[in-house]
Amino acid sequence: KKWIKLYNEINHIKWTESININMPWYKHPIVLRKGTSDKDVFNQIFIKQEYNYNFWENYNPKFIIDCWANIWYSTIYFANRFPDALIYAIEPETSNYEIILKNISNYKNIEAFKKGIWHKNTNLEISNPSWRNWSFQVIETSKTEWTIPAITIDELMKKSWKEKIDVLKIDIEWSEKEVFENNSKKWLSSTSIIFLELHERYKKWVTKSILNIAKQYGYNKSISWENVVFKK
């Protein structure tokens, strides 16, 4: 009830550029921007509780990767629920990344990367810059200026000095097909839980391809809200 009341209050606020929101049971306030998809993300994460699963009760993750974090409400959810976990959050788009830094500034267990998740080291660019903030897509580019460096999930594991990923959230607006189908053996073998949003509307056959790959690595599948949940 507290969350719903807060969300209703947010909808009636006459704001200018951004506002700070103090949330029930959360240590630090978060920032919402005017005229963006921030309120929709807030609704998904905090009102609908899209990542509130019954298996968390006996689970104590030590390493979580959030890609892409958008404005990192999901990252903040994980950081409050699992304060002992190291959390890597990846976001390629500049305006999202800048607001992310404000939202996570008080969290010592979160490390931010302004990069794009891909299956190899390369340069990327935003292919749809006029879309809403939670819908940005990346494509590989031969350009060398004003580009986004790619990073692989294997590289993130190496940076963390962790041998496994306890929780991996992937919502990367069709790039999941590229990431799952190429150079994915190591991280798929080392990941316990994957939250994945599939984007069949952008990339044909992505669902069939990824479900087949996940099955090969022994994942059990369930559906929750917009996410496919793979769990070993």
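The values are calculated or read from the model by the stated rules, or taken from the named source; none is laboratory data. Fair warning: this is a prediction, and the values are worked out from it, not measured in the lab. Glycine also receives a Cβ, built like all others from the backbone with ideal geometry; neighbour counts cover every protein chain displayed. Areas reflect the complete protein model, heavy atoms only, side chains present, ligands, DNA and RNA absent. Shrake-Rupley method; radii C 1.70, N 1.55, O 1.52, S 1.80 Å.
A few points about this structure:
- Mean separation of Cα contacts under 8 Å (6+ apart) over length of the stretch 67-197, as relative contact order %: 23
- Given LYS39/LYS114; LYS120/LYS208; LYS34/LYS62, the pairs whose alpha carbons are separated by over 31 Å: LYS34/LYS62
- Sites ASN11 and ASN60, calculated FRET efficiency, Cβ-Cβ separation with R0 25 Å, nearest 0.05: 0.10
- Multiplying each eigenvalue of the alpha-carbon gyration tensor of the stretch 70-225 by 5 and taking the square root yields semi-axes of 22, 21, 16 Å, largest first, rounded to whole angstroms.
- Of the whole protein surface, GLU200 contributes about 70 Å² of accessible area at a 1.4 Å probe radius.
- Whether the stretch 143-200 is rounded, prolate or oblate, judged on the alpha carbon gyration tensor where a/c under 1.5 counts as rounded: oblate
- Accessible-area composition of the chain, carbon plus sulfur, in percent [1.4 Å probe]: 48
- Which of HIS12, HIS199, HIS119 is most accessible, then next, and so on - probe 1.4 Å: HIS12, HIS119, HIS199
- Estimated dipole of the chain in Debye, rounded to 20 [Cβ of Lys and Arg +1, of Asp and Glu -1, Cα centre]: 500
- 1.4 Å probe accessible area per residue over the stretch 1-114, in Å²: 48
- Per-residue extension of 0.36 nm, minus the Cα-Cα distance of ASN212 and SER224, leaves a gain of 2.4 nm for this segment.
- Heavy atoms of TYR51 accessible to a 1.4 Å probe, total area in Å² rounded to 10: 10
- Percent of Cα pairs exceeding the 16 Å cut-off, where the set is the stretch 30-93: 49
- Antiparallel bridges, percent of DSSP beta bridges restricted to the chain (to nearest 5): 50
- Most to least accessible of LYS158, LYS2 (protein chains only, probe 1.4 Å): LYS158, LYS2
- Counted over the stretch 81-193, the DSSP beta bridges are approximately 45% antiparallel.
- Residues of the stretch 180-232: accessible area per residue with a 1.4 Å probe, Å²: 57
- When shorter helices are ignored and each DSSP H run of at least 4 residues is given -39500 (n - 2.57), the per-residue value for the chain at 222 nm works out to -7500 deg cm²/dmol.
- Relative contact order, whole percent, for the chain stands at 15, derived from Cα pairs under 8 Å and 6 or more residues apart.
- Residue pairs, from the table LYS108/LYS158; LYS177/LYS215; LYS143/LYS169; LYS2/LYS27; LYS164/LYS204; LYS115/LYS169, whose Cα atoms sit over 24 Å apart: LYS143/LYS169; LYS164/LYS204
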